[in-house]
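Q: Below you'll find the structure I mean.
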Amino acid sequence: MSARNDARFGERVGRLLRHEGRWLTSLVRWVARRRVEVPEGARALPYAGAQAALMYGLTFVFVVETVGVSMLLRDRPGLHAVALVADVYTVLLVLGSQAAAVTRPHVLGAEDLLVRNGARMELRIPLASIASVRYDLRSRQDAGSGAGGEQGDGGPLELAIAGQTSVTVELAEPVVVVRLSGRRETVRTVRFHADDARGAVGAVRGAVDAMRAARAAMAPEPVTPG
């Protein structure tokens, strides 16, 4: 039992470290204007615009706080160093969260839909599993989501941005979600936000229809008895 708990703890720590690495590298990608895993021919569905004003506002507040605290503690070098490191990390974390959302958009491909929540979570949904998709604007209060706007465990998965989702995908068959903690859940409804939600809905519907038409064209014709 102890070995199993140690393994789980190690896996959780590894996931948290990878999460830290993702948002840190997102800052570099943001400056370089590079996105993650958006292959040629796929369509990016951005969602970061909804939270941009909030994130930049928080960044400004934390920068002002950093300057103020530095001035207050300038005669106490030990505390000043600790506070400075904490404040700079907080500023980078806020900017990194926005950078991760910008550089990791939802991605619509020919066979699947990759939905993301910055560096925290991503879920690849086969287009063949999508029963319906619709524009469905909900606030976090309406959605009744859990911490971080990510409900699950039998309920809908809600990847809220700025406290809202705007696209609902109903699945014909369940998909497995892996949390940042490593916990696995099965969901049949996925709600996420897109800056152009109606355009995203139309694009997903078109991709699903095209996939089904292509598969129907490749299916062998029934043989009729002579």
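Q: Condition (residue is open to solvent by less than 50 Å² (accessible area, probe 1.4 Å) and β-branched (Val, Ile, Thr)) applied to segment 44-59: is it met by at least one residue?
A: yes
Q: Quick one: which residue in 110, 81 is under 30 Å from residue 159 (Cβ atoms) and open to solvent by 40 Å² or more (accessible area, probe 1.4 Å)?
A: Criteria check complete, one pass: 110.
Q: If you go through segment 180-222 one residue at a time, how many are out of contact with any helix residue (DSSP H, G or I) (no Cβ under 9 Å at 6 or more places or on another chain), farther than 26 Å from residue 43 by Cβ and in contact (Cβ under 8 Å) with a residue 12 or more places away in the chain?
A: Adding up the residues that qualify gives 2.
Q: So which of 102, 85, 63 is in a helix (DSSP H, G or I) and in contact with a Pro (Cβ under 8 Å, 6 or more places away or on another chain)?
A: None of the other options fit; the residue is 102.
Table: residues versus (1) assigned to a strand (DSSP E or B); (2) surrounded by 16 or more Cβ atoms within 10 Å (Cβ to Cβ).
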| position | (1), (2) |
| --- | --- |
| 172 | yes, no |
| 180 | no, yes |
| 188 | yes, yes |
| 195 | no, yes |
| 202 | no, no |
| 208 | no, yes |
| 211 | no, yes |
| 216 | no, no |
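Q: Still on this structure, please answer the following. Using the structure shown, decide if residue 34 is surrounded by fewer than 16 Cβ atoms within 10 Å (Cβ to Cβ), touching a helix residue (DSSP H, G or I) at 6+ places or on another chain (Cβ under 9 Å), of a type in the set (Lys, Arg) and at pLDDT 70 or above.
A: Yes; evaluated as a whole, the condition is true for this residue.
Q: Across segment 25-80, what is the total count of residues that are free of Cβ contacts under 8 Å to residues at least 12 places away in the same chain and either among the polar types (S, T, N, Q) or farther than 30 Å from residue 208 by Cα (or both)? Outline the logic, then answer.
A: Residues of segment 25-80 free of Cβ contacts under 8 Å to residues at least 12 places away in the same chain: 25, 28, 31-33, 40, 53, 57, 60-61, 64, 67-68, 71-80.
Restricting the remaining residues to those that are either among the polar types (S, T, N, Q) or farther than 30 Å from residue 208 by Cα (or both) gives 25, 28, 31-32, 53, 57, 60-61, 64, 67-68, 71-80.
Looking only at that region, the number is 21.
The values are calculated or read from the model by the stated rules, or taken from the named source; none is laboratory data. Source: prediction; values computed, not measured. For neighbour counting, all protein chains shown are included, and Cβ atoms are generated from backbone atoms with ideal geometry for every residue, glycine included. Heavy atoms of the whole protein, side chains included, go into the accessibility calculation; ligands, DNA and RNA do not. Shrake-Rupley method; radii C 1.70, N 1.55, O 1.52, S 1.80 Å.
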